[in-house]
Structures are given as C-alpha cells and as structure tokens.
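Mind looking over this structure? Questions follow.
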Number of protein chains: 2
Amino acid sequence: MSTTIDVPESNNVAKEKVLLLGARPRPGGWKKGVAIMDFILRLGAIAAALGAAATMGTSDQTLPFFTQFFQFEASYDSFTTFQFFVITMALVAGYLVLSLPFSIVVIIRPHAVGPRLFLIILDTVFLTLATASGASAAAIVYLAHNGNQDSNWLAICNQFGDFCAQTSGAVVSSLVSVVIFVLLIVMSALALRRN
Amino acid sequence: MSTTIDVPESNNVAKEKVLLLGARPRPGGWKKGVAIMDFILRLGAIAAALGAAATMGTSDQTLPFFTQFFQFEASYDSFTTFQFFVITMALVAGYLVLSLPFSIVVIIRPHAVGPRLFLIILDTVFLTLATASGASAAAIVYLAHNGNQDSNWLAICNQFGDFCAQTSGAVVSSLVSVVIFVLLIVMSALALRRN
C-alpha cells in the first residue's frame, strides 16, 4: 500500500516541475511591481509633457505701450526653438499615452519580453526628443534672462517678465519628463534580466 | 517492482530538467557579434565626442578691425551654452573611453548580464547629457545664423563666419555621437533578452 501511494506522489512532483519549466522560472513578483511603477511614472510623464507643451503654447505677452509702427509682443511663435519645443512635447505626450496599453500588458504578463523591449527602444528615442527640445528651449530661456554681451543680444526678460516666467516653467516641466524617461529606461533594463 | 523502477526514473527526468534550468540556454553567437559591434560603435562615438569638444573649444575669431575701445572677438567663452557644450562633450568622451573595458568584458562573455546592464544604464545617462549639450548649442548656433527679430537679436554670422562654421561643425559632431548612443542602447536592450 505504501508503494502505491508513493508512485502518484512522485509523479505529481515531476508533473509539477514540468509545469514550472513550461512556464519559465518565476522568482517573486518584483517584476510586476516594476511594471506597476512603470505605469504610474508614465502617468506622471504625461502630465509633465502635456503641461510643458500647454504652458509654452499659451505663453504670450503684449506690452501695454506701443509705438506708431508696431506693438511689442512676445509669444512662443517668435522663437523657432519654442515652436519646436511645443511640437516635440506634444509628440512625446502623445507617444506616452499610446504606450500606456503596452505598459498594462507588461503589468498583466510581467515576464513577457516583447512589450518591454518595444517600450525600452521607443522610450530611448523619445527621451532623446524630449531632452533635445528641453535643452534647446533652456538655452534660449537662459539667453532671454541674461542676454549676451559679446554678440550684443540684450536680455528681454526685463520687458517680458511674464513671458519669461511661463517659458521657464515649461522648460522645468519638460526636464521633469526627461528625468522620468531615464527612470523608465533604467527600470525596464533591470526588469529585462533573466530572473 | 514496477513502482520501484518508476520512482528513480521520474527523479532522473526531474534532475535533468533542473540542470537545464541551471545552465541558461546558449543559442548561437549573435550576442558576441552585437558585443563587437558595440565596441566599434563606441570607438566611433569617442571620435565624434572628442571632435565636437575640440572643435568647439578651439573656436575663436578676432575681426581684423577694431575701435578705440575694444576689439571684436568671438570665442566659445562668450556663450555659456558653448562652455557647457565643451565640458559635457569632454565628459562624454571620457565616459566612453572608460566604458571600453566593460565593452571588452561583454565581448569575452557575451551572456554576462551584469556588464551589459551597467553599460545600458550609464549609456542612458550620458545620452541625456550629450543630447542636452548638442541641442542647446544647436539653438544658439541657429540664433547666431538667423537672429531673432522680435527680441532684436541680430545674426552675428555675417561678421563671425569662421566662428559660426566651426561651432556648427561641433554641433553636428555631437549629434553623431547622440545617434551612436541611441544605437548602443537599442543593441544592448536587444542583447539583454533571455536567448
């Protein structure tokens, strides 16, 4: 009797091991935790990118005095770099929204490699885009604040204070999204490991 | 009797499967190829980053006429953004040189996960640095070429042609290194997969 009980037992153990094998090793749920964190960070990055695009896009200041010939007005339209900024931050926000479903797939299947790889590659591309627009806008904002003596470019922030404050805020917001992108890529790379 | 034979059999099968689990799958040497490509791309990125820093660092033009009070001179010192550019591109080149040993380790042990993860994380950080300096310098170079009417910043490239050409070259060189960084990260991410 004892043997007949033993046999199914050992078979069950073997079957269990085969099942475990088929479904790849699953050492703890930290990958799921990383995936959920990824999703939350993406929501934060969407807010930062949309905020940056909206703040820059609505920056517009008209001075209360004008000469016979023209009014003094500054808006993001005046600077090619700021136009680039609005377009790229809107693109980045759009990409982040479209990446949410993939992030959800990663939460549901934390051991799937495909969606994670897809996200890490596209994240790298859009990190570059966000950094480029944020840094170039920062260069212009710095110039607007401080001017440059050697090339005789005067600081315009004395006149256009609100405009400068708004564009500075947009730059800071875009740099927040850059930091989140770096975190996303590092987390995805860590979670791509074998176990 | 049949039961006593069955039991060790199923144990052996289970052991073999455990052994397979312990020794990761090694399907072909494409990871080694990726690692060698990684090394070569790093050499290219070093050349691009060093070239960018050197070109920008030596940009200096003095106009052949001067007034009673001062001489007209433009150098990278004049622009904070260009100083930032020289420093960051030198940092990036230094990091790339220091990363070569790790790239060699990855060539020798294509299946090691540690060095690859280390490289992908630091690559992401220095990609951000290189993109930020390249993009902000590009914004200033654009302004030097075209000026900006609304803020009354005049284009200085009419006077300082050589200076503008040199800084533009440095920006292009830095963007080459950015593209190489993106390739490096994408390749490392692909090679981080399980097989």
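For segment A:72-88, how many residues meet the condition of being open to solvent by less than 20 Å² (accessible area, probe 1.4 Å), at the interface with chain B (Cβ under 9 Å from one of its Cβ atoms) and at pLDDT 85 or above?
Final tally of qualifying residues: 2.
Any residue at all in segment B:111-124 that's in contact with a Lys or Arg (Cβ under 9 Å, 6 or more places away or on another chain), more than 9 Å from chain A (Cβ to nearest Cβ) and either at pLDDT 95 or above or over 24 Å from A:Val182 (Cα atoms) (or both)?
Yes, because at least one residue in segment B:111-124 is in contact with a Lys or Arg (Cβ under 9 Å, 6 or more places away or on another chain), more than 9 Å from chain A (Cβ to nearest Cβ) and either at pLDDT 95 or above or over 24 Å from A:Val182 (Cα atoms) (or both).
In segment B:126-143, which residues are within 15 Å of B:Met56 (Cβ to Cβ) and either facing another protein chain (nearest Cβ under 7 Å) or of a type in the set (S, T, N, Q) (or both)?
B:Ala132, B:Ser133, B:Ala135, B:Ser136, B:Ala138, B:Ala139, B:Ile140
Take the residues of segment B:155-194 that are closer than 22 Å to A:Met187 by Cβ and open to solvent by 20 Å² or more (accessible area, probe 1.4 Å): which is modelled with the lowest pLDDT?
My answer is B:Arg194.
Out of everything in segment B:131-154 that is over 16 Å from B:Thr80 (Cα atoms) and in contact (Cβ under 8 Å) with a residue 12 or more places away in the chain, what residue ends up being surrounded by the fewest Cβ atoms within 10 Å (Cβ to Cβ)? Working first, answer last.
If we filter segment B:131-154 for residues that are over 16 Å from B:Thr80 (Cα atoms), which is where we start, we get B:131, B:145-154.
Those left that are additionally in contact (Cβ under 8 Å) with a residue 12 or more places away in the chain: B:131, B:145.
Working: B:Thr131: 28, B:His145: 14.
The extreme case among them is B:His145.
The values are calculated or read from the model by the stated rules, or taken from the named source; none is laboratory data. Computed from a prediction, not measured in an experiment: that's the story for all the values here. Reconstructed Cβ throughout: ideal geometry from the backbone, glycine too, with neighbour counts over all protein chains shown. Side chains included, ligands, DNA and RNA excluded: accessible areas come from the protein's heavy atoms. Shrake-Rupley method; radii C 1.70, N 1.55, O 1.52, S 1.80 Å.
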